[in-house]
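Single-structure report; data block below.
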């Protein structure tokens, strides 16, 4: 039996805490109200990712500690990439370009066992009640998506990347799916350009910080498109779909901004998505 008192906590998130275990492993221990079905869902994805050549923490097993369920992964030493960006702003452009290339290379891969994109995005869009006038139209568009089978992380951002030696290790795969790379790219891009700032900042600095993030986002998008060969034109129909899916995250103050994006790009849902 695993004794929680003997474990060192090394991280914490909205739904789980992370503990160092046996020096070479970690336990991602979910809160006691987190369903076992959700734990099993993440574990099934983790098994598929672990069986591939993707640079991600290896999955081991599901464990129980008291009334909480957890998943055991390999421990990956290193620094969360967002800390590098904040600590070394002079290197932010080179880091963001390298990250864009890493996502493009990840999205070029295919593996078995991941949920399908249409199922994943439809599930997210159905969770929100923010867009009753657009929801049915967007869901129809999702159901008509071409069935590409590219690896999509579903939440690829600097908080989910560990910089380990010369490599980027991608963590937190519970939102992953198999589908079109455009959707995965655009979610990352939206997270870069969002007006939401997760910490307090005076108004003048906030304006400058948002402008700086948007500069990095434009460099990210340009580098990704160059690496992947995807055209910027092909992203147009993805804007309302990914913005609608993003609404389900209920990020403070994002909803009005996301709804403007949806309304602006709805006209592209009936346009064929060309590469």
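The values are calculated or read from the model by the stated rules, or taken from the named source; none is laboratory data. Given the structure is predicted, the values throughout are model-derived calculations rather than measurements. A quick note on method: Cβ atoms are made from the backbone with ideal geometry, for glycine too, and the neighbour counts reach across all protein chains shown.
For segment 137-147, the count of residues that are buried (at least 17 other Cβ atoms within 10 Å of the Cβ) and farther than 21 Å from residue 249 by Cβ is zero. Return a yes/no flag: does segment 72-80 have any residue that is in contact (Cβ under 8 Å) with a residue 12 or more places away in the chain, loosely packed, with under 13 Cβ neighbours inside 10 Å and not in a helix (DSSP H, G or I). Checked against the condition, which is being in contact (Cβ under 8 Å) with a residue 12 or more places away in the chain, loosely packed, with under 13 Cβ neighbours inside 10 Å and not in a helix (DSSP H, G or I), segment 72-80 yields at least one hit. Do we have residue 257 as modelled with pLDDT of 95 or more, closer than 24 Å to residue 148 by Cβ and assigned by TED's automatic domain parsing to the domain that holds residue 107 here? No, not satisfied. Determine whether residue 181 is more than 27 Å from residue 91 (Cα to Cα) and either crowded, with 22+ Cβ neighbours inside 10 Å or within 14 Å of the chain's Cα centre (by Cα) (or both). Taking the combined requirement at face value, the residue does not satisfy it. Only one of the numbered conditions (1) modelled with pLDDT under 95; (2) in contact with a strand residue (DSSP E or B) (Cβ under 9 Å, 6 or more places away or on another chain); (3) surrounded by 13 or more Cβ atoms within 10 Å (Cβ to Cβ) is violated by residue 85, and that is (2). Being closer than 24 Å to residue 56 by Cβ, in a helix (DSSP H, G or I) and modelled with pLDDT under 95 is the requirement here; does residue 103 meet it? So residue 103 does not fit the description; no. Every listed requirement among (1) outside the structural domain of residue 164 (by TED's automatic domain parsing); (2) in contact with a strand residue (DSSP E or B) (Cβ under 6 Å, 6 or more places away or on another chain) is met by residue 35 save one, (2).
Return a yes/no flag: does segment 48-66 have any residue that is assigned to a loop (DSSP other than H, G, I, E, B), more than 30 Å from residue 94 (Cα to Cα) and modelled with pLDDT under 95. Looking through segment 48-66, at least one residue is assigned to a loop (DSSP other than H, G, I, E, B), more than 30 Å from residue 94 (Cα to Cα) and modelled with pLDDT under 95.
Residues in segment 107-126 that are out of contact with any helix residue (DSSP H, G or I) (no Cβ under 8 Å at 6 or more places or on another chain) and assigned to a helix (DSSP H, G or I) were compared, and the one that is surrounded by the most Cβ atoms within 10 Å (Cβ to Cβ) is 120.
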